[in-house]
Structure formats: structure tokens, C-alpha cells
1. Identify all residues within the range 28-54 that are in a loop (DSSP other than H, G, I, E, B) and of a type in the set (A, V, I, L, M, F, W, C); write none if there are none.
2. Does the range 6-27 hold any residues that are closer than 30 Å to Leu43 by Cα and not charged (D, E, K, R), and which are they?
3. Any residue at all in the range 6-27 that's touching a Leu at 6+ places or on another chain (Cβ under 8 Å), among the hydroxyl-bearing types (Ser, Thr, Tyr) and either modelled with pLDDT of 85 or more or not in a strand (DSSP E or B) (or both)?
4. If we scan the range 19-28, do we find a residue that is touching a residue at least 12 places away in the same chain (Cβ under 8 Å), surrounded by 10 or more Cβ atoms within 10 Å (Cβ to Cβ) and more than 15 Å from the chain's Cα centre (by Cα)?
5. Does Ser36 count as modelled with pLDDT of 80 or more and not aliphatic (A, V, I, L, M)?
6. Considering every residue within the range 40-47, establish whether at least one is free of Cβ contacts under 8 Å to residues at least 12 places away in the same chain, surrounded by 10 or more Cβ atoms within 10 Å (Cβ to Cβ) and among the charged types (D, E, K, R).
Amino acid sequence: MTTLASLRARGSVTRTIQLQDDTNGFTPQVQVWTKSRQHWVGLGDLPGFETNPG
């Protein structure tokens, strides 16, 4: 993983933002925020949500 940022808030809360360097073990399950996608982006067979699901 590549760490982009690590932020410490008041108290003992720490937020770390990381990227997966090797995504081969992950399979997309759903597309979110499709309302703002470019017209040329295809979703394939994945279900999609225009805004936050739920």
C-alpha cells in the first residue's frame, strides 16, 4: 500500500489515506455516483447508483 496522508485529529483519532498498489485481488461489485460520469464511460454488467446508495 502507498500512504498518501496520515492525519491526527484532537484526541486519539488518526485518519490514514492509502492506495492499493496491487488491485488484482479485488473485483468491482457496484458503481456509485454514476450521475456525474462521462457519457463515454460504460458500466458493463455492474449495478450502478446515481448518488449514494441507500
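1. From the range 28-54, those in a loop (DSSP other than H, G, I, E, B) are 28-30, 33, 37-47, 50-54; that's our starting set.
Val30, Trp33, Trp40, Val41, Leu43, Leu46, listed by residue number.
2. Here is the first cut: in the range 6-27, the residues closer than 30 Å to Leu43 by Cα are 16-27.
Those that are closer than 30 Å to Leu43 by Cα and not charged (D, E, K, R): Thr16, Ile17, Gln18, Leu19, Gln20, Thr23, Asn24, Gly25, Phe26, Thr27.
3. no
4. The answer is no, given that none of the residues of the range 19-28 is touching a residue at least 12 places away in the same chain (Cβ under 8 Å), surrounded by 10 or more Cβ atoms within 10 Å (Cβ to Cβ) and more than 15 Å from the chain's Cα centre (by Cα).
5. Numbers: modelled with pLDDT of 80 or more: yes; not aliphatic (A, V, I, L, M): yes.
Spelling it out, Ser36 is indeed modelled with pLDDT of 80 or more and not aliphatic (A, V, I, L, M).
6. No, the range 40-47 has no match at all.
The values are calculated or read from the model by the stated rules, or taken from the named source; none is laboratory data. Owing to the predicted nature of the structure, the values given are computational and were not obtained by experimental measurement. Using ideal geometry, Cβ is built from the backbone for each residue, glycine included, and neighbour counts are taken over all protein chains shown.
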